[in-house]
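A short worksheet on the structure shown next.
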Amino acid sequence: QDAKIEEGSSVWYGAVVAGSVSLAPGASVLEHAAVEGANNKPTVIGAGTTISPRSKVGPGVTVGNNCVIGAGAVVESGVTVADGAVVSQGSHVASGTKIGSRELWAGNPAVLVRSLEASELSVFAERAQETSRLALLHQAEANKDMFQLFAERRVFEDRTEWAEDVLEDRPQWDTYVNIEMAPDLNPERRGLLYDKQP
C-alpha cells in the first residue's frame, strides 16, 4: 500500500516514507529521516508531529499528535507514542514500548525521564507550525518556472540599484532599506522601506 501524505504535511530532502504510512496534516518528516510501514503493520504519524533529521520509525508504529521524535532516534516496530510525547535525540525505543501522553523518553534503551511542562509543549507546537510554514514557502519557490525566476531576478536588481542610489548621500545610520523579494512575509517588521520608487 502506498503512503498517504495529507495536505499540509511535508517530507524534506533525503527523507524516505515507504510502505503503508499515513502522515496527518502538519506532520513533518525532516532531512534524511526514514518512516517505514508494511501492509500488515501500517505506521501512523499524527498531526503536528515532527520526525527529526536522521531518525528512523519502523513499521507498525503509531505516533500521536504534536509529538517530537528527536534527531537520530530509532523507534522500533510496534511502538505507541501518545499525544504530546517526546523521544529525545539519539534514543532507541524498543519494540512494543508504550509512551504515555506528554512524557519525555530518552536513552538506549529509552526510558521515561519525566513529564513535560505546558510551556515546553507550546514551544514544540510553534516549531511544528514554523516547519509547515517553511514547507509551503519552499513549495511555492520550487514550483516557479524559469521565466518567473528571471523576472524576479530583474526586479531584485532594480531594487538593488534604487537602494544604492538612496543610500549614496546618506549616513549609514540614517536609512535602512530592505530589498527582500517578499516583504509581506514579515509584516511585523517596522521602519523598513520596501516598494518605494526613486
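Which residues, taken from region 18-34, are touching a residue at least 24 places away in the same chain (Cβ under 8 Å) and among the hydrophobic types (A, V, I, L, M, F, W, C)?
Answer for region 18-34, where residues must be touching a residue at least 24 places away in the same chain (Cβ under 8 Å) and among the hydrophobic types (A, V, I, L, M, F, W, C): VAL21, ALA24, ALA27, LEU30, ALA33.
When residues of region 36-65 are filtered for being of a type outside the set (Ser, Thr, Tyr) and touching a helix residue (DSSP H, G or I) at 6+ places or on another chain (Cβ under 6 Å), how many remain?
Restricting attention to region 36-65, the residues satisfying the condition of being of a type outside the set (Ser, Thr, Tyr) are 36-42, 44-48, 51, 53-54, 56-61, 63-65.
Then drop every residue that is not touching a helix residue (DSSP H, G or I) at 6+ places or on another chain (Cβ under 6 Å), which leaves 48.
Residues in region 36-65 being of a type outside the set (Ser, Thr, Tyr) and touching a helix residue (DSSP H, G or I) at 6+ places or on another chain (Cβ under 6 Å): 1 in total.
Of everything in region 130-157, what is polar (S, T, N, Q) and loosely packed, with under 12 Cβ neighbours inside 10 Å? Give them in sequence order. Break it down stepwise before answering.
Taking region 130-157 and keeping what is polar (S, T, N, Q), we get 131-132, 139, 143, 148.
GLN139, ASN143, GLN148, listed by residue number.
Would you mind stating whether GLY8 is touching a residue at least 60 places away in the same chain (Cβ under 8 Å) and surrounded by fewer than 19 Cβ atoms within 10 Å (Cβ to Cβ)?
Working: touching a residue at least 60 places away in the same chain (Cβ under 8 Å): yes; surrounded by fewer than 19 Cβ atoms within 10 Å (Cβ to Cβ): yes.
Yes.
Look through VAL35, VAL44 and report the one residue that is in a strand (DSSP E or B) and open to solvent by 40 Å² or more (accessible area, probe 1.4 Å). So that I can check it myself, show each step before the final result.
Numbers: VAL35 fails: open to solvent by 40 Å² or more (accessible area, probe 1.4 Å).
So the residue among VAL35, VAL44 that is in a strand (DSSP E or B) and open to solvent by 40 Å² or more (accessible area, probe 1.4 Å) is VAL44.
Can you tell which of GLU188, GLU141, GLU180 is of a type in the set (D, E, K, R) and either at pLDDT 50 or above or in contact with a Cys (Cβ under 7 Å, 6 or more places away or on another chain) (or both)?
Working: GLU188 fails: either at pLDDT 50 or above or in contact with a Cys (Cβ under 7 Å, 6 or more places away or on another chain) (or both); GLU180 fails: either at pLDDT 50 or above or in contact with a Cys (Cβ under 7 Å, 6 or more places away or on another chain) (or both).
Testing whether each residue is of a type in the set (D, E, K, R) and either at pLDDT 50 or above or in contact with a Cys (Cβ under 7 Å, 6 or more places away or on another chain) (or both) leaves just GLU141.
In region 91-123, which residue that is within 15 Å of GLY58 (Cα to Cα) and not β-branched (Val, Ile, Thr) is least open to solvent (accessible area, probe 1.4 Å)?
Once the filter is applied, the top-ranked residue is SER91.
In the set VAL16, VAL57, VAL87, VAL74, which member is surrounded by fewer than 24 Cβ atoms within 10 Å (Cβ to Cβ), aliphatic (A, V, I, L, M) and under 15 Å from ALA110 (Cα atoms)?
Numbers: VAL16 fails: under 15 Å from ALA110 (Cα atoms); VAL57 fails: surrounded by fewer than 24 Cβ atoms within 10 Å (Cβ to Cβ); VAL87 fails: surrounded by fewer than 24 Cβ atoms within 10 Å (Cβ to Cβ).
The unique qualifying residue is VAL74.
Within region 19-30, take every residue that is outside any strand (DSSP E or B) and over 17 Å from LEU136 (Cβ atoms) and give me the one that is least open to solvent (accessible area, probe 1.4 Å).
Start the filter on region 19-30 by keeping residues that are outside any strand (DSSP E or B), which leaves 19-20, 24-27, 30.
Filter once more, keeping what is over 17 Å from LEU136 (Cβ atoms): 19-20.
On the way: GLY19: 30, SER20: 10 Å².
Within region 19-30, the match that is least open to solvent (accessible area, probe 1.4 Å) is SER20.
Got at least one residue in region 40-53 being farther than 21 Å from THR131 by Cβ, touching a Ser or Thr at 6+ places or on another chain (Cβ under 7 Å) and in contact (Cβ under 8 Å) with a residue 24 or more places away in the chain?
Restricting attention to region 40-53, the residues satisfying the condition of being farther than 21 Å from THR131 by Cβ are 40-42.
Right, trim to touching a Ser or Thr at 6+ places or on another chain (Cβ under 7 Å) and you get 41-42.
Those left that are additionally in contact (Cβ under 8 Å) with a residue 24 or more places away in the chain: 41-42.
So far as region 40-53 goes, yes, one or more of its residues are farther than 21 Å from THR131 by Cβ, touching a Ser or Thr at 6+ places or on another chain (Cβ under 7 Å) and in contact (Cβ under 8 Å) with a residue 24 or more places away in the chain.
The values are calculated or read from the model by the stated rules, or taken from the named source; none is laboratory data. These numbers were taken from a predicted model, which means no experiment stands behind them. Methodologically, a virtual Cβ is constructed for each residue, glycine included, from the backbone with ideal geometry; neighbour enumeration extends over all protein chains shown. The protein model used for the area step is the full one, side chains on, heavy atoms only, and it has no ligands, DNA or RNA in it. Shrake-Rupley method; radii C 1.70, N 1.55, O 1.52, S 1.80 Å.
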